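The values are calculated or read from the model by the stated rules, or taken from the named source; none is laboratory data. Here the structure is a predicted model, which is why all the values come from computation and not from measurement. Reconstructed Cβ throughout: ideal geometry from the backbone, glycine too, with neighbour counts over all protein chains shown.
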Amino acid sequence: MSLTTEQGLQILIDWLQDNIDCETTIIFDNDDDLTHSAVLLPCIEQALADVRDMRHLKLLQHSPLK
């Protein structure tokens with residue numbers, strides 16, 4: 001079974017939210033920037049919204065005019 005981009009992003013969002021809820025201290029980049037789940041989550045949520053918007057626009061583009 002193949003995972004869609006939307007499904008993959010939603011899994012990542014759920015995982016990041018779980019990290020936040022459990023107060024996990026995972027740092028995703030380096031000791032200077034300290035990008036943790038709460039910082040990363042809004043970026044991934046925006047990416048999911050953008051992917052959904054693009055899918056919707058693509059569907060509109062391919063819909064016959066009525």
Exercise. In region 1-26, what residues are free of Cβ contacts under 8 Å to residues at least 12 places away in the same chain and outside any helix (DSSP H, G or I)?
Worked result: Met1, Ser2, Leu3, Thr4, Cys22, Glu23, Thr25, Ile26
Exercise. Within region 14-54, can you find the residues that are among the polar types (S, T, N, Q) and closer than 23 Å to Thr4 by Cβ?
Worked result: Gln17, Asn19, Ser37, Gln46
For this session: Only one of these is acidic (Asp, Glu) and modelled with pLDDT of 95 or more: Asp33, Asp29, Asp50. Name it.
Result: Asp50
For this session: May I ask you to list pairs of residues, at least six apart or on different chains, whose Cβ atoms are under 8 Å apart, with the first in region 52-63 being in contact (Cβ under 8 Å) with a residue 60 or more places away in the chain and the second being among the aromatic types (Phe, Trp, Tyr)?
Result: none
For this session: Please go through region 14-25 and pick out each residue that is on the phi < 0 side of the Ramachandran plot and exposed (fewer than 11 other Cβ atoms within 10 Å of the Cβ).
Result: Asp14, Asp21, Cys22, Thr25
Exercise. In region 27-54, what residues are exposed (fewer than 11 other Cβ atoms within 10 Å of the Cβ) and outside any helix (DSSP H, G or I)?
Worked result: Asn30, Asp31, Asp32, Asp33
